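First the structure, in the form of C-alpha cells, and then the observations on it.
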Amino acid sequence: MKRQKILLWILVLLFAVFMSIPFLIPHCGFFALFGIVPLLCMERVASESGVKRIWIYHYSAFVLWNAFTTFWVCNATVGGGLFAVFANALQMSLIFGVFRLSKRHFKGILPYVFLMVMWIAWERAYFDADISWPWLVLGNSFARSIASIQWYEYTGALGGSLWIWACNLTLFGLMVSLSDGSWMRFNIKAKAAAAIWTLLIFAGPFIWSSVIWHGYEDKSVGEPLEVYVFQPNIDPYNKFQALTQQQQNNIIISQMEDALGPADTLGSAPVLMLAPETFTSDIITGDYPTSATWRRFVSFLQDRPGVNILFGASSYSVFSSPSRPSHTARQMRDGRWLESHNSALMVDGTRRTEIFHKNKLVVAVEKTPYPAVFCKIDDWLGGVMGRCVGQDSVSVMHCVSPDDTVTVGCAICYESVYGEYYTEYVRKGAEVMTIITNDAWWGNTPGYRQHLSYASLRAIETRRSIARCANTGISCFIDQRGEIHDASPWWQKAVLHGKVERNDEITFFVAHGDISGRVCTFVFGLLALALFANLCTGGRRKS
C-alpha cells in the first residue's frame, strides 16, 4: 500500500508539471495533449485499489498546478494569491469529484465524456461569473505555441480545451485497452479505426494550423494606422509617493516630443499615441477640463491635427444625492457620492474626448463582487476592496485626422483574457485593437509574460492587429497571426513606433461566438439531467 501511495503522488506531480510547462516555457503547448493522462491514471489506480479519500490526491494535483503557474499573484497580494490558488483548485476538484460520482451510474466511456463537457461548460461559465479567474483555461496552454492553433479563428480558446481533452482521453483509452487486454480482442477494423482516430485527433489540428499559418497574410483595408507606444516605466507601488502627477506627465510628454518631432513635420493621416493603463488619476467623467493631465495632452495636440492620444485613467463619477445612489458609491461630503472606474480615454487637439470604462474587473482589487452583500461587509471593514464600476457593454473609439478615421478598440488589461467578450470590440467595428495594461504589480515573474501571450490568442481569434502598451513591459505590436513584434524590455523606458494593419473582415469565431463552449454546455446539461435522474431513482443505469 505504501508503494501504491507513492505511485499516486508521483502521478499527481507528473500531472502538475506537465500541465504547467505550457504556461511557463514557450513552444511547449503540446505537453497539454497528454498532461491530464497522469491524473486519469491516478484516479483509475486509486479506485481499483480501494484507496480511501481519493479527493486528497486530485485536489492536491490541482493546487500544485495552480501554484506552479500562478504563484506570482502573491507578489501583488498574498491573500488574493492564496485564495486564487486554493479556490480555483477547489472548483476543479469538485468537477473531478462529480466525474467520480458519475462513474457509479454511467458505464464505459460515458463518464469521461461527461468529465470533458462538464469541464468545458465550467470554463465557459467562468468567463461570466462575478468572481472570475479563467487564467488556466486549457486552451490557453497554446498561447505561446501560436503556430499550432491558427484555427482558433473558428473555435476560440475553448476549441483548444476540447482538443486537449480529446487527445488526453484518446491516449488514456489506448493505455487502458492495452493494460486490460481488451486491445487484443479488437478485430482489425476496430484497431485500424482506433489508429486512424488517434492520428487525426493528434496530428490533424497541427496540419490544419500549419496550412493556415503559411498561407495567411495580414488583411488590410485602407492605409495602416501609424502608432507610437510609450512605456514610461513608473513603479506602480510608489507611483504617487515618488512622483507627482505633473512629473509623470512630464515624463510621457517628453517621450512624445522626442518621438514626434516638430508639429510641421506631420502629415494628415491619423496617428495614434498610446499611454498605459491608469496613467493618471485626475479624470472626472463629464468634466474633463478639471484634469491637469487632460489639459496637458490637449495643449500638446493643438498644433498637431490628426494626432490622437489614448491613455488609461483611474476616473471618477460624482453624484449629488441625499441617499446612496448605488451599492458601490462611496460617500464624500455635503451629500455627494463618488463612483470609481478604470478607464481609457481618447483625446485630440480639438478637445474631442471619448471614454470607455473597463468591464472585466479584477475581483477585490478593482471590484467588490455581489455588491448588494459584500459592499456592506466592506464598509464594516473600512472600505478595503475596490469598487470600480464598468460599462454595461463594449464601446469603441475613433482615431481621427482631416483625411481619415480609424475605429479602434481598447481592451484594458484583464479584458484581454476574455475571448468571446473581446470579440464585441470587433462587432462594434474595431479595425485595429489596442491593449493598455500595467503588469508591474507582479514583478519579474511569468505573470506578465503569460498575460502578453493571451493577447496573441485574441489576435488570432479576431484577426485584428494589436498595439500593446504596458507601463513597465512588455509593450509590443502583434500581427493578425498572433506574432509578437518589437517587444520592449522589462522595467525600462521605451518608445515603439510602427504601422498597424487595419482589417474589417469578420472571423467565424467573431460572427458565431463560442460554439465549442455552447455545444459542450448543452451536452453537459443532458448528461447532468440523466445523472440526476439516476441518483433520484437510486439505480445504477447501464449506459
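The values are calculated or read from the model by the stated rules, or taken from the named source; none is laboratory data. Keep in mind that this is a model prediction, so the values were computed, not measured. Cβ sites come from the backbone with ideal geometry, for glycine too, and all protein chains shown count toward neighbours. For the accessible areas, the whole protein counts, side chains as well, though only heavy atoms, and no ligand, DNA or RNA atoms are used. Shrake-Rupley method; radii C 1.70, N 1.55, O 1.52, S 1.80 Å.
Protein heavy-atom accessible surface, 1.4 Å probe, per residue over the range 7-134: 39 Å². Within the same chain, lysines fewer than 8 places from Lys52 are excluded, and of the rest, those with a Cα less than 17 Å from its Cα are Lys2, Lys5, Lys103.
Here the mean projected area of the convex hull built on the C-alpha positions of the range 332-447 is 10.7 nm². If I model the range 209-255 as equal point scatterers sitting on the Cα atoms and use the Debye formula, what is log10 I(q)/I(0) at q = 0.16 Å⁻¹? Listed by q, the Debye log ratios stand at -0.64. Compute the distribution of all C-alpha to C-alpha distances in the range 178-333, in bins of 10 Å from 0, and list the percent of pairs in each, rounded to whole numbers. Calculated P(r), rounded to whole percents: 8, 22, 18, 14, 12, 10, 10, 6, 0.
When a 1.4 Å probe is rolled over the protein heavy atoms, the share of accessible surface on the chain that falls to carbon and sulfur comes to 62 percent. The translational diffusion coefficient of the chain, from Stokes-Einstein at 4 °C and 1.567 mPa s with a Kirkwood hydrodynamic radius over alpha carbon pairs, comes to 51 µm²/s.
Taking 1.002 mPa s as the viscosity and 20 °C as the temperature, the Stokes-Einstein diffusion coefficient of the range 153-219 based on its alpha-carbon Kirkwood radius rounds to 154 µm²/s. Cα axis of helix 515-537 to longest principal axis of the chain: angle in degrees, 0 to 90, nearest 10? Compared with the principal axis, the helix lies near 40 degrees. Extension gain, Lys428-Leu7: 0.36 nm per intervening residue step, less the Cα-Cα distance, totals 146.2 nm.
Taking the C-alpha atoms only, the angle from helix 371-381 to the longest principal axis of the chain is near 70 degrees.
Overall shape of the range 257-405 was characterised from the C-alpha gyration tensor. The equivalent ellipsoid obtained from it has semi-axes of 35, 15, 12 Å, in decreasing order.
Report, as a whole number in µm² per second, the diffusion coefficient that Stokes-Einstein gives for the range 381-441 at 25 °C and 0.890 mPa s using the Kirkwood radius over alpha carbon pairs. Approximately 182 µm²/s, per Stokes-Einstein. For the range 112-166, the convex hull drawn through the C-alpha positions has a volume of 78 cubic angstrom per residue. If you bin all the Cα-Cα distances of the range 42-162 at 5 Å, starting from zero, the percentages per bin are 2, 10, 17, 19, 20, 15, 11, 5, 1, 0. When DSSP beta bridges are restricted to pairs lying wholly in the range 389-468, around 35% turn out antiparallel.
With respect to the chain, whose longest principal axis is taken over its alpha-carbon atoms, helix 2-24 is tilted by about 30°.
Once R0 is set to 22 Å, what does the formula 1/(1 + (r/R0)^6) return for the Cβ-Cβ distance between Ile25 and Phe206, expressed as a FRET efficiency to the nearest 0.05?
Plugging the Cβ-Cβ distance into 1/(1 + (r/R0)^6) gives 0.75.
Summing Lys and Arg as +1 and Asp and Glu as -1 over all other residues whose Cβ lies under 15 Å from the Cβ of Ile10 gives a net charge of +3. The spacing between the range 411-455 and the range 165-221, judged by their C-alpha centroids, is 32 Å.
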